[in-house]
Amino acid sequence: MSAGTVVLLLSLLLGLQPITTDLYLPALPVLSSSLGAPMAQAQLTLSALLLAFGVSQLVWGPLSDRFGRKPVLLVGLGAYALAAVGSTLAPNIAALIVWRTVQGAAMGAAVMCARAIVRDLYAPTQGARVMSKALSGLGVIALLSPPLGGLLSELFNWRAAMLVLALFGALCLGLIVWRFEETLQRKNPQALQVTTLLSTWRLILRNPTFLAFSALSAASYGGLFTFLAASSFVFMNVLGLSKTQYGALMALNSLAYVAGTFLCRHWLPRFGVRRALKWAGMLSLAGGTLMAAPSLMGVQSIWAIMPAQLLFMLGHGIHQPCSQSGAVGPFPQAAGAASAMNGFLMMLAAFAMGSWLGGHMDGSVKPLTLGVWFWSGWIALSAWTGVQKYGEPVPNPSPNP
């Protein structure tokens, strides 16, 4: 595959995550009222999806190390498209939660394989640059998703947004069949044995480089998820924006993320991974602090939230490519398992935050602003301590290479 083909396929596979969450965010309040579901149950359609997404990667990772990336992608993308159709036709909130859970589990195959493919093809530092290009493509998808979701829900209803996910999944599946060539050169026939799995996970979880980068990626995604999960209710129900206006703000949020991925590619050759993340940690902490301070003084305004959020997203665009590629860097022979564990820890943070938000949305902006502030502190702590000490990976072979 050419470098351009690799980046395109990675962008689409990684882009499944933001389009699956962001496209229907503008319709979330309408979905809640349409199905007669309380806000906590509506939030569960997002939280359950992300929990299934995280847990499923622990299964998809070893499967991809055993059978290769392509078979896992074909099964996962096929299941994703079918689950999206099921979500579109769901008659009640319980059925929607079930289908979204299946969709999240299927999505785990695509995103996990994308991160593993980067390690299959590139060394860690070069992988960070390639990942930043792919995440720029993800950012474009995230940029377009909220306005499109808002437009679809205005013109039709929330089911139209779900149908678009089915079409996107089918597109990804077709491109994998047509253009993707297997990247795993050496399959591990013992990858699914219980003793091998336990030994591999133990090796991964004891690796300080993996732990340092995974702590950073989980904290950074936790901050993003806080904004995603709470923003539709805050901006539309508390601050009175329309679905279209909210979609435009979410597009601006994604634009800042894309800018961060470009800044990442500019900083990496100049500063290296660790110094780039040190500066990005400052951006994240500044954004979280500037967002929280006005809300603690009783200010509830778009202008008190969005400039600080854009600063946070600029840092997020640097943290994610570096931390995701850095976490799998020490494991060239177990990239699937390492990618899966990294993804699981990210989604565990998101699920915990989603569960907390479901019980603390009190009609103010504080759950959003203080949540982002909390994660910005963990981002800075991870970037300034663990990454600085353990950010240079030492290759760690698979227990059964």
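Which pairs turn up if I take residues in region 54-66 that are closer than 7 Å to A340 by Cβ and look for partners that are not hydrophobic (A, V, I, L, M, F, W, C) with beta carbon separation below 8 Å, at least 6 apart in sequence or on another chain?
So the pair list comes out as Q57/G108; Q57/S339; Q57/G343; W60/G76; W60/G108; W60/G336; G61/G336; G61/S339.
Could you grab me the full set of residues in region 229-242 that are of a type outside the set (V, I, T) and either within 16 Å of A308 (Cβ to Cβ) or not in a helix (DSSP H, G or I) (or both)? So that I can check it myself, show each step before the final result.
Keep residues of region 229-242 that are of a type outside the set (V, I, T), which gives 229-233, 235-237, 239-242.
Those that are of a type outside the set (V, I, T) and either within 16 Å of A308 (Cβ to Cβ) or not in a helix (DSSP H, G or I) (or both): A230, S231, F235, L239, G240, L241, S242.
In region 149-202, what residues are aromatic (F, W, Y), surrounded by 13 or more Cβ atoms within 10 Å (Cβ to Cβ) and over 22 Å from L77 (Cβ atoms)?
Of the residues in region 149-202, the ones aromatic (F, W, Y) are 156, 158, 168, 178, 180, 201.
Then drop every residue that is not surrounded by 13 or more Cβ atoms within 10 Å (Cβ to Cβ), which leaves 158, 168, 180, 201.
Hits for region 149-202 are W158, W201.
Hey, G363 hits all of (1) outside any helix (DSSP H, G or I); (2) of a type outside the set (V, I, T); (3) modelled with pLDDT of 90 or more but one; which does it fall short on?
For G363, the exception is condition (3).
Give me the pairs, please: first residue somewhere in region 250-276 and within 21 Å of V387 (Cα to Cα), second residue anywhere and among the basic types (K, R) and assigned to a helix (DSSP H, G or I), beta-carbon distance under 7 Å, and either six or more positions apart or on two chains.
Final answer for the pair search is R265/R129; L268/R129.
Based on what the data block shows, is A95 under 23 Å from A37 (Cβ atoms), surrounded by fewer than 18 Cβ atoms within 10 Å (Cβ to Cβ) and out of contact with any Pro (no Cβ under 6 Å at 6 or more places or on another chain)? Walk me through it before giving the result.
Numbers: under 23 Å from A37 (Cβ atoms): yes; surrounded by fewer than 18 Cβ atoms within 10 Å (Cβ to Cβ): yes; out of contact with any Pro (no Cβ under 6 Å at 6 or more places or on another chain): yes.
Considered against the rule, which asks whether it is under 23 Å from A37 (Cβ atoms), surrounded by fewer than 18 Cβ atoms within 10 Å (Cβ to Cβ) and out of contact with any Pro (no Cβ under 6 Å at 6 or more places or on another chain), A95 comes out as yes.
Kindly provide the set of residues from region 74-121 that are closer than 19 Å to N157 by Cα and in contact with a Ser or Thr (Cβ under 8 Å, 6 or more places away or on another chain), ordered by number.
First, pick out the residues of region 74-121 that are closer than 19 Å to N157 by Cα: 83-97, 99-100.
If the condition is that a residue be closer than 19 Å to N157 by Cα and in contact with a Ser or Thr (Cβ under 8 Å, 6 or more places away or on another chain), then I93, L96, I97, W99, R100 are the ones that fit.
Give me the residue from region 209-243 that is of a type in the set (V, I, T) and closer than 18 Å to S301 by Cα and, out of that set, surrounded by the fewest Cβ atoms within 10 Å (Cβ to Cβ). If you could, list the steps in order and put the result at the bottom.
So the first thing to find is which residues in region 209-243 are of a type in the set (V, I, T), and the list is 209, 226, 234, 238.
Those still in the list that are closer than 18 Å to S301 by Cα too: 226, 234, 238.
Values: T226: 28, V234: 23, V238: 16.
Among those that are of a type in the set (V, I, T) and closer than 18 Å to S301 by Cα, it is V238.
The values are calculated or read from the model by the stated rules, or taken from the named source; none is laboratory data. Keep in mind that this is a model prediction, so the values were computed, not measured. Using ideal geometry, Cβ is built from the backbone for each residue, glycine included, and neighbour counts are taken over all protein chains shown.
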